[in-house]
1. Tell me the label-point distance for the pair residue 139, residue 439, using the 7 Å Cα-to-Cβ offset, in nm and rounded to one decimal.
2. How big is the gap, in Å, between the Cα center of region 43-67 and the Cα center of region 133-159?
3. Please label the shape of region 218-283 as rounded, prolate or oblate, based on the square roots a ≥ b ≥ c of the eigenvalues of the alpha-carbon gyration tensor (a/c under 1.5 means rounded; beyond that, a/b larger than b/c means prolate, else oblate).
4. Between region 424-441 and region 92-120, what's the alpha-carbon centroid distance in Å?
5. Between region 172-204 and region 249-324, what is the C-alpha centre distance in whole Å?
6. What is the extension gain from residue 307 to residue 227, computed as 0.36 nm multiplied by their sequence separation minus the C-alpha to C-alpha distance, in nm to one decimal?
7. What value, in deg cm²/dmol to 500, does the helix sum -39500 (n - 2.57) over DSSP H runs of n ≥ 4 give at 222 nm once divided by the residues of the chain?
8. Could you order the peptides 40-53, 118-131, 168-181, 323-336 from most to least packed, using the average number of other C-beta atoms within 10 Å per residue?
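Every read-out reported here was derived from the displayed coordinates using simple, explicitly stated rules and does not represent laboratory data. What you are looking at is a predicted structure, and each value in this text was computed from that prediction instead of being measured. Reconstructed Cβ throughout: ideal geometry from the backbone, glycine too, with neighbour counts over all protein chains shown.
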């Protein structure tokens, strides 16, 4: 029975991770209980088994056994408006604005914590720490840059926590992470050499879609420290390591030029492909401070090492062109900071009200380096939520957040790569809602 359950639940978790809520394509929504506070105090609160992800040391604040199951629903919107895009110098790009590149997605998670003795706890978490989905209409202006970019992950995170004394706890975890990517775009504005000499027309190239599909399983680790200097003060620090994913897959062509691109004598498509992605590390520092009998104030500062993603060359790994670069994603990301403030108000024994704001910095440096696959920009969170506790052992958390995203300029010149020059502006925002059930037993 357990094997059958895993066979259903794990693929469902993996398939659901399809959008990004923190900066870049990171998903901070690993426990829906934190939405109401905009994830302020994430490494310090240790209020349910979701602490396994944010700070495993927090398990020492839990009871004998605790389980948490959560689901966040996300609705991002990214609407492009053209402003002078060109296929070639001085030649306007034809096509639509692509529709809304964002869509509904679900981000699930599950955690279990178990007390071994008065000093030792173990636990396991399953979540989706990275995800992205942007998809445009096939006739959109930037179709030679991307029409679809889809990243899915699943992360299994066994952890252990040790209570040094009443003031200090330590935690450590290992992450086994599966990463899958799909990248679609149309081949080129014009047929490059040697294809033009083979009588492949510009129109044939413009109507031929390239698809990269690749995946890998790799691992990383995380650690945490939780300090409780007083009964009303908690201070948490946590770190999650980089995860180096070496993706293997294939590059295929579909359309009128596919037969030539897939010709084994050329080996331009219809080949194996590989790309390495260094997923960033993250450091979090959090504080939770009780004020009086009803209020608790929260603060959170986090840093993410997005500069680990610079230029991502996609190599052909089979065929006549093995070892050559088929494409490259020049992300050139910068490291980012996130700052969150929150408050919780104890209304009565059953209801806890939550409020939060946050500023989340984007890793994208400027309009010239912004990708159509990731029209990301700085965002401001405003959130609220509530916890209902019908009895001592059961809790239900609800949260709702709205993310304001600055109007986002793009000025990506890839004419030399045969992709054209995308110039314009994105209007975007995000709605986020979540529910989580936690039970102690």
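1. Placing both labels 7 Å along Cα→Cβ, they lie 5.3 nm apart.
2. Between the Cα centre of region 43-67 and that of region 133-159, the gap is 32 Å.
3. Details: a/c = 8.29, a/b = 4.71, b/c = 1.76.
Prolate shape, in that a/c is at least 1.5 and a/b is the bigger ratio.
4. Cα centroid of region 424-441 versus Cα centroid of region 92-120: 9 Å apart.
5. Computed from Cα coordinates, the inter-centre distance equals 14 Å.
6. Working: separation 80, 0.36 × 80 = 28.80 nm, distance 3.03 nm.
Between residue 307 and residue 227, full extension yields 25.8 nm more.
7. Dividing the helical sum by the residues of the chain leaves -1500 deg cm²/dmol.
8. Numbers: 40-53: 30.4, 118-131: 21.3, 168-181: 19.4, 323-336: 16.8.
Result, highest mean Cβ count within 10 Å first: 40-53, 118-131, 168-181, 323-336.
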